[in-house]
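Here is the structure we will look at.
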Amino acid sequence: MITMKDIVREGHPALREIAKEVAMPPSKEDIQTLKKMLEFLKNSQDEELCKKYNLRPGVGLAAPQLGITKRMIAVHFEDINGKMYSYGLFNPKIMSHSVEKAYLIAGEGCLSVDRPVEGYVPRYARITIKAIDLEGNEIKLRLKDYAAIVFQHEIDHLNGIMFYDHINENQPFQAPENARAIG
Ligand SMILES: Cc1nc(NNC(=O)[C@H](CC2CCCC2)CN(O)CO)c(F)c(N2CCN3CCOC[C@@H]3C2)n1
Ligand code: NI
């Protein structure tokens, strides 16, 4: 199982690289890795396991955070309407996005960043993504608000972008232009 020791931290080159597309169909190894990423998220949200294995809770994880520069992400969370998102995805791609932005009022953190970095992280409020799921099917997801933010945080990792790259340095808590506050 994946634990915190498997997660690389700031300074590791994988976090600043452009991850490579996964050749389709995915190898058994890549499928195994993606399944373990999803399992980590579920474990990290279970109070018992979280404590037992000293996990930091997570709702998303990207392969570069394991030092694997491949375009693979996992998400496991419920949105404000109770809709469950639990996916292991290969080669996710943002096909379109709103002009309107959104940001989490509480700001963001990252399992690869062992320090708090305060400030609003402006992201697109709505995105449409295409990806290949763990069964090898091409899926299309239309996401908004919290769900859109989580997926963008993970897809950023595939492009070597950290959440704090988006924070306005001079005015971290300036409400971003044309943006909705989430959460
Ligand atoms: C928002 C949140 N971020 C948590 N951590 N950070 C992460 O997931 C990072 C990714 C998120 C940071 C902002 C957007 C994506 C990991 N990232 O670095 C991957 O690239 C949480 F843990 C969390 N929740 C709320 C839901 N809760 C359900 C019950 O279990 C606990 C769980 C805690 N919400
Ligand atoms: Ni992160």
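Things to note:
- Applying the condition of being under 14 Å from the mean Cα position of the chain (by Cα) and within 15 Å of ligand 2 (Cβ to nearest atom) to the range 108-132 and asking which residue is farthest from Met4 (Cα to Cα) yields Arg123.
- Set Glu10, Glu39: member being out of contact with any helix residue (DSSP H, G or I) (no Cβ under 8 Å at 6 or more places or on another chain) and either basic (Lys, Arg) or assigned to a helix (DSSP H, G or I) (or both): Glu39
- Restricting Ala181, Ala74 to those that are in a strand (DSSP E or B) and either among the charged types (D, E, K, R) or surrounded by fewer than 20 Cβ atoms within 10 Å (Cβ to Cβ) (or both) reduces the list to Ala181.
- Contact annotation: residue pairs with Cβ atoms under 7 Å, 6 or more positions apart or on different chains, pairing a residue in the range 108-129 that is within 13 Å of ligand 1 (Cβ to nearest atom) and modelled with pLDDT of 95 or more with a partner that is among the charged types (D, E, K, R) and part of a loop (DSSP other than H, G, I, E, B), are Leu111/Arg56; Ser112/Arg9; Ser112/Glu10; Val113/Glu10; Asp114/Arg9; Val121/Glu108.
- Selection status of Ala102, within 13 Å of ligand 2 (Cβ to nearest atom) and at pLDDT 95 or above: no
- If the condition is being surrounded by fewer than 21 Cβ atoms within 10 Å (Cβ to Cβ), in contact (Cβ under 8 Å) with a residue 24 or more places away in the chain and either more than 14 Å from Glu17 (Cβ to Cβ) or within 11 Å of ligand 1 (Cβ to nearest atom) (or both), then the range 157-166 contributes Met162, Tyr164, His166.
- Residue in the range 45-65 that is on the phi > 0 side of the Ramachandran plot, in contact (Cβ under 8 Å) with a residue 12 or more places away in the chain and either in a helix (DSSP H, G or I) or surrounded by fewer than 14 Cβ atoms within 10 Å (Cβ to Cβ) (or both) present: yes
The values are calculated or read from the model by the stated rules, or taken from the named source; none is laboratory data. As the structure is a prediction and not an experimental result, all values here were calculated from the model. Ideal geometry is used to build each Cβ from the backbone, glycine not excepted, and the neighbour counts take in all protein chains shown.
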